[in-house]
Every structure is written in structure tokens, then in C-alpha cells.
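Here the structure comes first, spelled out in C-alpha cells, and everything after it is commentary.
Here, each number is a calculation from the coordinates, and none is a lab measurement. Just so we're clear, the structure is a prediction, and the values are computed from it rather than from any experiment. Here the Cβ positions follow ideal geometry from the backbone for every residue, glycine too, while neighbour counts run over all protein chains shown.
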Amino acid sequence: MVSKEVFYDELKKALEDGNARYYRNLVYIERKDYLDLVKDVINLFLSLKPNPSVAYGFVPWANGSKERMKQIKEYFTKFDDIDYANAEYYLGNTYDLVILDTVDNFQPINVGRLADLARGGGLIIMYTDNLINGKVFRSSIIRNGLVLDGYEKRFKRKLYEHNGIFIADTNGYVARPFSDTLIPKVEKKIPRNPIMPREIHELSLSEDQNKVIENFSYLLSGGKRALVLTAARGRGKSAAAGLSIAGLIEKLRKRSEKSIKITVTAPSISSASQVMTFAKTGLEALNEEFSLKISDTGYIKYIKGYDFKVEYVPPDAALDDEGELLIVDEAAALGVNYIDLVLRAWKKVALVTTVHGYEGSSKAFLRYLKRIIQSKKIKVRWIDMEQPLRYAMGDPIEKWLYDALLLDAEPSEFQYLDSVLVYEDVDKMELSENDGKLRSIYGIMVTAHYKNNPDDLMIMLDGVHHKIKAIRMGENSYVGACQIAEEGELSDNMIDIALKGGTFDGDLIPDRILKHVRIRDFAKLKGWRIVRIAVVPELQDKGFGTELLRMIYNEAKDKGIDWVGSSFMSDQKVLNFWIKNDFIPVHISPKKNEKLGDYPVVVIKPISEIANEIVKISAYTLKEKLLNTLHDVYFNMHPEIARMLLIGTKVAHKDVFVSPILLDKTISFLQGTSPYESSADALHMLTIKYFWDGKRDWNLAADEELVLIAKILQGKPWSYVATVLGTNRSQVYELIYSAVAQIMKKYYNLTADNKVGLTLKDVMNSQHYDG
């Protein structure tokens, strides 16, 4: 502890040093008189930087929050007040001073997003009266009136452990100035004989960006090629990709007289804004003439010159678009299923994505991506950017942020201590106090999942209804981990709320069953929802995940739990894992998750008899919905996901009648006298019959099932189906023919050798015609 005078003296020296060496400092205030201290710190900052740009994060609808914001705004002329709910729209901005009002809400993702906006030489101020009570996000974790505080205690501890941080709380004043050596900023370095235009290289801000711009020329060479650009936040990857677009247009123009089309896609038009803005900047540097179309939300929709067009296209539409190059920004957020389709549909692709960071994809996405690319034998170039643009490398606040939010958590190095697997019910309070164990267990979880959110850790540590199970070899060598949420036993009032369309925090699976299957009884049951389950990378696909799942299921059974389930994005590999372990799909969202890019799926493995009956009904309801709406609601679903869901719901069975007229039309199709278009209604009914049959002991080949789903049930264009299968239209037609021939033979013992034509008696004797 230091005196108030020493505190401000040390803070002033730190701000001066930060400005000289391009690093950031942070002031954390947790006292009843927080506003007075915030104003004191602001006055000190203004004495060193008179007219700073300011970002102010808060909850605008909370009582008193706007009044606090207005008091602070009076000090500045360049001031952005940011509703935390909209913080993602400011991620490309940079500020001298960032202020976080955490009086009403303390939420990890807000800290990650806002703190990252401060530039080197800048300051971050976090203020609150307390870190725990009366917080919006923390209240959402409460279960039966209870919530823990392990996350907040750890967060506070990390403030005391790191340098570049100044604390004013009820205990007094703490000054921890930063004095370590920083890695000097590497200035931009234009290649001596660049392939890309020199004017584009001149716009870069770092050697890393120069490297990226030059490497984009890799996509100019022949054949199917992909470029994968990864970086943590704040490295300028989207800007470098945008500048590279301008360079590529100039190079492509010299090779072809036709008009050039470059397509940009991302989870949303705002996500692609940096790429489009810097493409415009690059084109201006090349003295290109062009027009712009701006969206209703103020973002660039396209840039059009006399012989080129750069256009943002939504993800699903981008699959059918055509051009010289597709650039996918924030690729991990769109999911591996989408990237798989992109790599099938486009000849030249650039994938840009965040690794680590508060919305990072970590290393799991890259592993999935490498697997996809290797399977397709595509030539690929991997580029990683390390140099931050907003602050010096080695910045103390980045180091604190990654530690406090566990943004870089990875499993500890695995050691084969012995062959005995130990199943552990992890003590969460001990876990929050033991950084080594926490990093190891949480690291397993985030390394195996490519879509992570820093809020996940707070939910896991503070939720009394969230349990952690793990398997280890020996004392400290963890090989698998699982987070479980206790759900169910809802009151009649909560059931009524859900049935009327209302939402509430937690109880995800009961809520989905209530809304889509409508059976009240399910909400009264006790369930375990597996939030995430993972195994260290070295031991994946070796049965350890299945073993951990078996141990969890047996424990649930012993404790009288009615069901074990999970909800996740519809990734093929993940869905296959659950179905393989006898979990039954019971729901898939009718809409894609806009942020994560896939359809959320719910699977359940029932334990009690009543749960078993409801799961069967739910599976029937899901299969009926899929087969009735694949051409509409689920038109954009990957056919492989649809196939796996239909296979997974085989417990649901219905006899489907196919009329003699349709059977006769099918024989003509098999004989080659009736084209596909004339026989489509017949083929559709036979496909429906096949997938409704839960009793058959035979299956078509996977490609045959895929083609029935994509072409006949979804009504996809021939070109799309050929892309999905990696083949051509003729082969697609042959697969349909083969599948239909087998269905006709198995169910009706009919072949192309049968005679065609019906009598009136044949038709009238069928069960659907009674005269």
C-alpha cells in the first residue's frame, strides 16, 4: 500500500513512461466514492494529454448510469459512449482513454472488448462500488437464489499480481508501475522488388502487414489455392487483407481483359467493414476511379470500378457467387461446415480469423481447418501476424488481460504417469485458487472448441448449478474435462412462461423441449446438460471422450437424474460423436446462430422411463419437421448435418404409403423414359419413405443419402450438389438412380425390367383410392 500522494505521483510517471515507450496502464477503482477518484485520474491524464479520444462503456438503461456518463463526458470533446451490448461495432477503433463503468455490470467479454481499444501511451479506467453485488451478468447465473464468487476473487487477485496496474479500493492505494523491457516496434519494411504494388505497401503500419500484402500474391498462381491469415486482436489483419485486395486487382488486370470480381464475406456486414474500408483506401492510393454503395447501417456494400467490383455478400449467398477470389473474414465464427463448403465451391480463397483473444478461435479451429485442407489436397499458405499495432509488443495490460480472462489457456503438457484413469468431481473453489490446475482443465476445454467466449469461465466458476468433471492419470495429468449444467425441475410458472414464448437464463434443454415439443412433464424432470466436453489433442479420437461420457452417464444414473443431454453448434464431427454414443437428436433451431454461423442442436440420452418416452416423441417431432421443411426453413443446412440428424432419429418410425401411380412413374425413370423433372414427385415420396423407416436393417451409401437430401428434399441446384460431393452432374444423377433403384427393389421388388402402365383397378384398389 502507498499513500494517495505517492499513488498519483507513480501513476503520473507511469503514464509518461507509457507514452514514451508505447504501452498502456490501467487504473482499477472499487470504492463508494468512485466518481471522485475517476475525476481525479481524468484530470491527471488531461494534464499529460490535453485532448484525448475517449471510449466510455456502460449499461445505458441502468438507474443512474447516464447521469454518471454525462458528468464524465463534460471533460472531453472526442467522446464515444458505448452501450456494452453494442461494443462489437467499435472493435476497429482506437482510443487514448478507455473508461469502463462496471457499477451495474461486470462481464468478462466487456472487459476484453473495451480494454483492447486503448492505444499505446493510453490509459484504461475501470470503476465500481463493488465487483460482486447488483451486477446484471452475475444475476443471470443465480440458481435458487445462490451464486458463487470464485471468478471475481480470481479477477481481483490478478489485478494485484500484474504490473502497469494501479488500484484504489477499500484497502487503500496500490501502485504497480511497469518497468520491464519491451520489444521495440518493428517498422514497416517494403520488399526491395515487391510483387504487389509499392503504393499498397506504403500504406502498411508494420512489417507484419507488409508480409501479408506480399503473401497475398500467392493466390495469383494457378490451381486451387487457399491463404490462411491468423492473428490475435489488434494486429491489423483485416486491414492488411483489405489493402491486398487493391493490389490483387491491379495484378489481375494485367492478366485478363475481363472484369474482375472479388467477393468478401463475414458473419455480418459490420464484421467485414475493416476489409472493405481498407480495400477502398488501397484503391484510392492506386488512383482508381470507383463508386460506392453504402448499406442502410452505414457500411460499404460494394466498390465498383469500370473493370472491377469488390462486394460484401452474406455467407450463404457467397457460396453461389462467382469471381476471382473469396475473402472470408472472421472465418472461425462461420464454422468449419461453412469453410468446408467454401473450399469446395471456390478456386481461390483467403481465410482471415482471430486466434486467442476475447473472441478467438484458439488452435482448435486451425486443427479442423488443416484436416479439411489436407483431405482436399489444396495448396495452402499459412501466415501469422504477431506484432500489435495499437501498442508495443510486451504491453503489460495485454499480458494481464490474457491471464485474467484466461484467453491463452492451454492444457499442461501431457505425461503418461500410469494407465489408470481417475474420474474426478472437481472442487470449483479450489480450482479458482489453483492457477495451474485451472489452466490445465479449462485449457483442455477451450483448445478443443473453436468458438469460445470469456464469459464461459465466469459461468463455470460462479454458477452453483455448474459442475466440473475430469479424468486424469495420476495426480496432475488431466486428459479430459467436462462442464455440466444442472437443469429441470421447473415451477409451473416458469413452464407457462416458456410455453408462451418467454425466455429465462439457464435450463436450455427444458426450454427447447417445451417450446418445440410442448410436453410440460419434461420440464419437471432432473437433467444434466453437458455444456462442453473435451480431451487433450494428443488423445482425441482414441475413446477417452466416450469413456468420460460413460462415467458421467453412470454417475447421473446413480444419482437419480432423468436424462443427460447437450446443446451445440451443428458441426459434423461433434454431432457424430454424440450420435455414436447413443445420444438422440431432439431439436435443431429453425434459425442459424448469427454469431456462430451454424444451427444449434440438442441431443439427449434418457435414463428414466418417462424421459425415454418423451425423447422418442421429441425425435419423431424433429424428424417430421426436417422432412417437411428441408426445402424451406432448413434449405441452407449442410446436407451432411441433415443426414446425420435423420440417422440419429432412427428411433422415430412411420409407415409411408407410395401410390401405384408414383411407383409406375419411378419405373419409367429407371428405364430412362421419364426425366428427373417429370419423376421428381415420385422420387420425393420414396425418399421420405426411406428416411421415415426406423425399422429397416439396411442403408444406402452415405453419398447416396446425401444426394437424396440435397437434391430431392432440399431442392438444391445440380451444381451445388455436385460441389458438396466433389463430383459432377452426371455422377450426381447416377447416385440418385442407384439410390432409387435400391429403394424400389427393397420395398417393392420392382426394377427397371418391370412393365409400366396401370389399370383403373390397380389404382382403385390402392389404399388411397376408395371410389
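Couple of notes before you dig in:
- Among 637-646, 747-756, sorting by the average number of other beta carbon atoms lying within 10 angstrom of each residue, highest first, gives 637-646, 747-756.
- Once the Cα-Cα distance is subtracted from the 0.36 nm per residue extended length, the Leu205 to Glu547 segment shows a gain of 118.1 nm.
- Only beta bridges with both residues in the chain are counted; by DSSP, about 45 percent of them are antiparallel.
- Estimated FRET transfer efficiency (Val136, Lys399; beta-carbon r; R0 35 Å; 0.05): 0.80
- Cα shape, the stretch 645-771, gyration tensor, a/c 1.5 rule: oblate
- Taking amide H positions as modeled 1.01 Å from N, with prolines and chain starts lacking one, the residues under 5 Å from Gly122 and 5 or more places away or on another chain are Asn25.
- Above-threshold pairs, the threshold being 31 Å between Cα atoms, out of Lys73/Lys591; Lys261/Lys379; Lys135/Lys515; Lys189/Lys399; Lys78/Lys301: Lys73/Lys591
- Sequence-distant contacts, meaning Cα pairs under 8 Å at least 6 residues apart, place the relative contact order of the chain at 10 percent.
- FRET efficiency, 1/(1 + (r/R0)^6) with R0 51 Å, evaluated for Ala680 and Arg367 via beta carbons: 0.80
- When both the stretch 1-75 and the stretch 436-498 are represented by their alpha-carbon centers, they are found 36 Å apart.
- Here Tyr733 and Glu161 are evaluated by their C-beta separation; at R0 = 60 Å the FRET efficiency comes out at 0.35.
- Surrounding net charge for Tyr442, when Lys and Arg each add one and Asp and Glu each subtract one, Cβ distance under 12 Å: +1
- When you filter the chymotrypsin sites (Phe, Trp or Tyr not before Pro) in the stretch 49-155 for DSSP loop state and at most 15 other Cβ atoms inside 10 Å of their Cβ, you are left with Trp61.
- The stretch 198-385: relative contact order as a whole-number percent, Cα under 8 Å and 6+ apart: 30 percent
- Placing dummy labels 7 Å off each Cα toward the beta-carbon, the span from Val464 to Asp321 is 5.1 nm.
- Å³ per residue enclosed by the Cα convex hull of the stretch 198-385: 107 Å³
- Label-point gap, in nm, between Ser3 and Glu16 - each point 7 angstrom along Cα→Cβ: 1.9 nm
- Prolate/oblate/rounded call for the stretch 596-677, Cα gyration tensor, a/c under 1.5 rounded: oblate
- Mean separation of Cα contacts under 8 Å, 6 or more apart, over the residue count of the stretch 403-535: relative contact order %: 26 percent
- Listed by Cβ neighbour count within 10 Å, with the fewest neighbours leading, Val426, Val342, Val136 appear as Val136, Val426, Val342.
- Couplings 3J(HN,Hα) for the stretch 99-115, derived from phi with the Karplus relation 6.51 cos²θ - 1.76 cosθ + 1.60 (θ = phi - 60°), are 10, 10, 7, 10, 5, 9, 8, 10, 9, x, 5, 5, 4, x, 5, 6, 4 Hz, where x marks Gly and Pro.
- Computed from backbone phi with θ = phi - 60° and the Karplus coefficients 6.51, -1.76 and 1.60, the 3J(HN,Hα) list for the stretch 145-156 is x, 10, 7, 8, 9, x, 5, 5, 5, 5, 4, 5 Hz; x is used for glycine and proline.
- Highest average first, the peptides 580-586, 550-556 ordered by how many other beta carbon atoms sit within 10 Å of their residues are 580-586, 550-556.
- Cα-based helix-to-principal-axis angle, 729-748 vs the chain, degrees rounded to 10: 50 degrees
- Euclidean distance between Cα centres, the stretch 380-402 to the stretch 535-609, Å: 35 Å
- For the chain, the orientation-averaged shadow of the C-alpha convex hull comes to 38.7 nm² (one quarter of the hull surface).
- The stretch between Glu609 and Glu187, if pulled fully straight at 0.36 nm per residue, gains 145.2 nm over its current Cα-Cα span.
- Note on Gln374 and Lys304: the extension gain reaches 21.7 nm, defined as 0.36 nm multiplied by sequence separation minus the Cα-Cα distance.
- Between the stretch 323-354 and the stretch 629-704, the alpha-carbon center distance in angstrom: 31 Å
- Sum of -39500 (n - 2.57) over DSSP H runs of 4+, divided by residues of the chain (222 nm, nearest 500): -12500 deg cm²/dmol
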